[in-house]
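Remarks on the structure that follows.
The values are calculated or read from the model by the stated rules, or taken from the named source; none is laboratory data. Quick caveat: nothing in here was measured; it's all calculated off a predicted structure. Neighbour counts run over all protein chains shown; Cβ positions are idealised from the backbone, glycine included. Keep in mind that these areas ignore ligands, DNA and RNA; they rest on the heavy atoms of the full protein, side chains included. Shrake-Rupley method; radii C 1.70, N 1.55, O 1.52, S 1.80 Å.
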Amino acid sequence: MDHIIGQTPAGDGATAAAMIVDGDQKTFMADVIEASRTIPVLVDFWATWCGPCKTLTPTLEKVVKAAGGRVKMVKIDIDQNQQLVRQLAQLGLPLQSVPTVAAFWQGQIADLFQGAQPESEVKRFVETLLKAAGGSMPAADLLGEARAALEEGDAQGAGELFSAVVQEEPENGDAWGGLIRSLMALGREEDAEQALAKVPEKLSSHAEISGARSALMLAREGRKARSELDTYKARLAADPKDHQARYDLATALNAMDEREQAAEALLEIMRRDRKWNDEAARLQLLKFFEAWGSDDPATGTARRRLSAILFS
């Protein structure tokens, strides 16, 4: 994975750092109100005696730097700017406690929160602000490019883009899932397994991670099944009720990316004997759906046929 994981994240660090400034009551109009007419501005109201500020401010700076110059941050010490605090209070901005973070857009307060927040919440706050301003975080753009590259068959390029997002946002389940699928598309299943092992535990049930995990498992099963493809076909020709042969044939067909035929084989088992082997055919089909993704046309078609069987 060395030349995929470990890519330098996109974005100009110097430009991002320049978007973080110290402000005061003299510069507030220019730094915040006027600046917010062209770029969203976060104002971090803090104080030297404030314990939570010491953890929140670095978190804010990290998220703002990750935005790559798409949002500005202004830090204001409330003890040094009492007049500004009083003026803002008259405008309805409560600053009785710190930290308080106010988001400005088009010269107006767009949103705010008080108290220390985890990085995930700060990131969500900034993403919401950028969305309101018609923008997005750079990672969201990279993710879109990565998905497009993977769909177009450029697994190497997609893997590098997904890796860049993972480097920037280690808890981005979509990026991890995409990276694993890119490695699989490159025929690097061992690397894909290693990437899956590195996924943060809290993302284990994320849809993209579950899908990638199922895809890896099916790929392992499929390798063995493909080598026996002719055997399964011969067994079925001799006995159409050989459900195990049909089940294994479906696994092989899936490994060959013959998705509709793979699904049809499992559906045929269900038509003949829905309860066979503790509903193994239905459970395997659900794994197919998870691995293929809900947007895949094969998933939609097979899901409709499955519903017709289950509710007939």
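Overview of results
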| item | result |
| --- | --- |
| Antiparallel DSSP beta bridges within the chain, as percent of all bridges there, nearest 5 | 55 |
| Inter-site label distance for GLU119 and GLU151 at 7 Å from Cα along Cβ, in nm | 3.0 |
| Between helix 173-185 and the chain: long-axis angle, C-alpha atoms, 0 to 90°, nearest 10 | 40 |
| Computed [θ] at 222 nm, deg cm²/dmol, the chain (DSSP H ≥ 4; -39,500 (n - 2.57); rounded to nearest 500) | -19000 deg cm²/dmol |
| Cross-link pairs LYS75/LYS123; LYS26/LYS131; LYS75/LYS202 - those with Cα-Cα distance over 26 Å | LYS26/LYS131; LYS75/LYS202 |
| Inverse of mean 1/r across different Cα pairs in the stretch 202-248, Kirkwood, Å | 12.4 |
| Residues in the stretch 151-179 that a label on THR55 would reach, taking backbone N under 11 Å of a point 7 Å out along Cα→Cβ | none |
| Whole-percent carbon and sulfur share, accessible surface of the stretch 183-298, 1.4 Å | 46 |
| Net charge dipole size for the chain [Lys, Arg +1 and Asp, Glu -1 on Cβ; Debye, nearest 20] | 860 |
| Dipole of the chain [Lys/Arg +1, Asp/Glu -1 at C-beta], most positive-end residue of ALA281, ALA225, LEU42 | ALA281 |
| On Cα atoms only, tilt of 51-66 relative to the major axis of the chain in degrees | 60 |
| Stretch gain in nm, segment SER312-GLN25, where the contour uses 0.36 nm per residue and the Cα spacing is subtracted | 96.2 nm |
| Cα centre as origin, Lys/Arg/Asp/Glu Cβ charges: the stretch 59-199 dipole, Debye | 780 |
| The chain, accessible area per residue, ligands and nucleic acids excluded (1.4 Å, Å²) | 50 |
| Theoretical FRET efficiency, 1/(1+(r/R0)^6), r = Cβ-Cβ of SER227 and ASP296, R0 22 Å, to 0.05 | 0.30 |
| Selected from ALA298, VAL21, LEU161, residue furthest toward positive end of dipole (the chain; charges at beta carbon) | ALA298 |
| Fraction of the pair-distance distribution of the stretch 121-217 above 17 Å, Cα-Cα pairs, percent | 50 |
| Under-5 Å amide H pairs with ILE109, H placed in peptide plane, nonlocal only | none |
| Two-site label geometry, ALA238 and ARG272: point separation in nm, points 7 Å out along Cα→Cβ | 1.4 |
| For the stretch 101-134 versus the stretch 19-47, the gap between their alpha-carbon centres in whole angstrom | 14 |
| The chain: mean projected area of Cα convex hull, nm² | 20.2 |
| Potential lengthening between LYS202 and GLN106 on full extension [0.36 nm per residue; Cα-Cα distance subtracted] | 30.9 nm |
| Acute angle (nearest 10 degrees) that the helix 243-255 long axis makes with the longest principal axis of the chain, alpha-carbon atoms | 50 |
| Shape metrics for the stretch 46-188, restricted to C-alpha atoms - Rg then Dmax, Å | 19.0, 64 |
| Value of Rg to Rh for the stretch 151-195 (Rh from inverse mean 1/r over Cα pairs, i.e. Kirkwood) | 0.94 |
